[in-house]
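This report refers to the structure that appears directly beneath it.
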Amino acid sequence: MHIKILSKGKLFIISIIGIIFPLIAILCVTFGIFDLNPFVKQVWSTVEDNSAETIQDIIVPEKIKSELPIRLKIPKIGVDATIEYVGITSQGAMDLPKGRANVAWFDLWPRPWDNGNAVIAGHYGIWKDGTSTVFNDLHKLEKGDQIYIEDDKWVTVSFIVRESKKFNPNADTSDIFNSNDEKSHLNLITCQGVWNKTKKSYPDRLVIFADKEEK
């Protein structure tokens, strides 16, 4: 389920920039120098392949020391998951959570309560040990359902599901990552369908679009 973001050449350049002045890399991503359209087009090669090493410690500025998301809770489908922080792998793809029960927040992008689209990914299907994965029932969410993010100060932020969409692996899904309305959104992504043993992948991609609940 990896999403290809950058070529190896661009990745090398980013790494150098990140060492000299990490903020430059983030600004470059923000303003579109690196094409993020393939992010969801190619990310989803397989949910099992999660061996690549991340380079987030090189290209990401020093992380904010507080108010970071730590748990994702979705009461309707029984999700209460630890949030990992992931960046870009050495292959130029968004990394994934290390296990079946955790989710992964793409920490080059906004936090869930910041303006913009926060993106969290989770595995789908049956894990290697025969147990279900964290987003196995994500397809059951409907408009109006609630999603909660808890931060490291024990503050909970609520989101309301707006819609769900199914994509094929080659679709242009840049709207998952880009938002210009100056509001806070949370987008959950996973795979869907029947596992293809030959291709070692799932045929579809499911995205749940949610908006921060206004108090």
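In whole Hz, what ³J(HN,Hα) sequence does the range 97-112 give by Karplus (6.51, -1.76, 1.60; θ = phi - 60°), x for Gly and Pro?
x, 6, x, 6, 9, 9, 10, 10, 8, 6, 7, 8, 10, x, 5, x
Residue separation times 0.36 nm, minus the C-alpha to C-alpha distance between Lys76 and Lys140: what's the value?
Numbers: separation 64, 0.36 × 64 = 23.04 nm, distance 0.83 nm.
Length difference between fully extended and current span is 22.2 nm.
Please turn the phi angles of the range 134-140 into ³J(HN,Hα) values with the Karplus equation 6.51 cos²θ - 1.76 cosθ + 1.60 (θ = phi - 60°), one per residue in order, whole Hz, x for glycine and proline.
With the stated coefficients, the range 134-140 comes to 4, 9, 5, 10, 4, 5, 7 Hz.
Ranked from highest to lowest mean number of other Cβ atoms within 10 Å per residue, what is the order of the peptides 95-107, 119-131?
Order by mean packing, descending: 95-107, 119-131.
Go through the range 171-215 and name the GluC sites (Glu not before Pro) that are in a DSSP coil and have 12 or fewer other Cβ atoms within 10 Å of their Cβ. Please report the intermediate quantities before stating the final value.
Working: sites: Glu182, Glu213, Glu214; in loops: Glu182, Glu213, Glu214.
Hits after loop and neighbour filter: Glu182, Glu214.
Each reported figure results from applying straightforward, stated rules to the coordinates on display, with no laboratory input. The shown structure was predicted, so the numbers you read here are calculated from the model rather than taken from an experiment. Here the Cβ is made from the backbone with ideal geometry for all residues, glycine too, and neighbour counts use every protein chain on show.
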